[in-house]
Amino acid sequence: MKPLSILFATSEMAPWVKTGGLGDVSAALPRALAESGHDVRALLPCYPALRQAFPEATALAEIPALAPALPPARLLAAETDGLPLLLLDCPPLYDRPGNPYVDVSGHDWPDNAIRFGLLSRVAALLGQAASPIDWRPDIVHGNDWQTALAAAWLHYEGGAASVVTVHNIAFQGCFGEPLRAELGLPEAAWRFDGVEYHGLLSFLKAGLQLATRLSTVSPSYAREIQDEAFGYALAPLLRHRRDHLHGILNGIDAKLWNPAADPALAASYAANRLAAKRLNKTALQQEMGLDPATDRPLFGVVSRLTEQKGHDLLLAIGDDLPTLPAQLVVLGSGNPALEAGFLALAERLPGQVAVRLGFDENLAHRIEAGADCFLMPSRFEPCGLNQMYSLRYGTPPLVQATGGLADTVVDVSAATLADKSGNGFVMADSSSDALWAAMQRAAAAWSDKRQWLRIQQNGMRCDFSWRHAAADYDSLYRAAIADRH
Ligand code: ADP
């Protein structure tokens, strides 16, 4: 089949700018698509980290002010591992330190509507005849609210077919009505079936309403967001568009997350050489100031600390850990109350619970390798990457059955051990009691070394490479192009 030209628009890309799963997906999916023969370019803001990483980036085109609130900008061309990058250079909007969405005190940048309005507008422009460069994509692929609005211009003004992927529906990008004119969206777009959403301009709702096709990052989450409980008020719209909504499970970067060749680890290991994993546990215990206990499992957490991730359920039973007995290591940051709760727990249980606040990529790898069992009691989880990293690292995950967690983790039972599918532990519901019950089951399974090895190997055999996802996106893009014509 004829290869496609694809513009992948995103607000973050690992390793330079990453706040969560979208950063990882943006680093891997465009490359996987390029490896399968497509002509892919990734568009993202030229944040300071990118300017530093690509000092040789060359000016490709000038972009004039496209609307009253949008400043002029430039497109820079760079390349990473054969993937062409289009860096949207506009220092007044993107040249600032730290996180792409919030300032140092954790507040949204006050001009986020303009920052991501410009990114969306330029993504759309590159898919239109008026594009300042001569490369023209068949597909403009927006991701989350920050680039979803591109679909609106493509819908009203014409251009390439569009796809919008929801990585997390909780973030929607809603702003005041005057922004419509300031961003240069047509008056006709101000409708309930346009960009308007309860009197506000919603970037995500606009994308979900107007993109040619939609996707989200796991089949279960595609079903869940059509339900009021998960859809954050967008469920009716998603039900309306369900024939155009696809669930495609993310892959993982199998080179970056490979216990057999991970420079962050104390010792490398593989499914047929699992004994060395123990050295990583000892090293992690030492690094984090935990007792060097070998008679109890070590549970690991690497996560944003937010209500979504369900760590309040863990805090509620934290003081009981020594009765299991088990140790706990936590790496995360976010909600101040959760951060304080984990710090206090570590103070009450020294040697048994260790907590590191902050974002630390290398420590995340060492926790994946050094923990015995990885905890993800999420209330909702569009896809989740850590459970797949855990499976690959022989660290069986313990999860709530939601979204991508439900699609990747198979609860250990006599039947699933017999058919070699059981690879982790699934909570019966979203409660502290259910979490505790699953932790008890995991601790008991861990004590039976032969059974534990089988569970680890079942997980390590799973193939979460991006090849599968890339093939599914190929079909989705072709469906969008067919719709558009
Ligand atoms: P989400 O995108 O909702 O945060 P995912 O599981 O999809 O959750 O992706 C989270 C990614 O961010 C993983 O790669 C995880 O290892 C990483 N991560 C989250 N918190 C931290 C942290 N404090 N330090 C290092 N990596 C983290």
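Some points to look at:
- Alpha carbon centroid spacing (whole Å) that separates the range 15-88 from the range 363-440: 34
- Filtered GluC sites (Glu not before Pro), the range 1-108: DSSP coil and at most 14 other beta carbons within 10 Å: Glu56
- Residue-averaged [θ]222 nm for the chain, counting only DSSP H segments that reach four residues, each worth -39500 (n - 2.57): -11000 deg cm²/dmol
- Surface composition of the chain: carbon and sulfur atoms hold 54% of the protein heavy-atom accessible area at a 1.4 Å probe.
- Net charge, Ala254 excluded, C-beta distance under 14 Å - Lys, Arg +1, Asp, Glu -1: -1
- Leading residue at positive end of dipole, the chain (Cβ point charges), from Gly106, Ala123, Leu85: Leu85
- Filter on Lys18/Lys255; Lys420/Lys449; Lys2/Lys255; Lys255/Lys277; Lys2/Lys205 - keep pairs with C-alpha separation over 20 Å: Lys2/Lys255; Lys2/Lys205
- Total formal charge among the other residues, if their Cβ is under 14 angstrom from that of Glu157, Lys/Arg +1 and Asp/Glu -1: +1
- Per residue accessible area of the range 274-460, 1.4 Å probe, in Å²: 36
The values are calculated or read from the model by the stated rules, or taken from the named source; none is laboratory data. Computed from a predicted model, the values in this text were never measured in an experiment. Because the Cβ atoms are built from the backbone with ideal geometry, glycine has one as well, and the counts that use them run over all protein chains shown. For accessibility, only protein heavy atoms count, side chains too; no ligands or nucleic acids. Shrake-Rupley method; radii C 1.70, N 1.55, O 1.52, S 1.80 Å.
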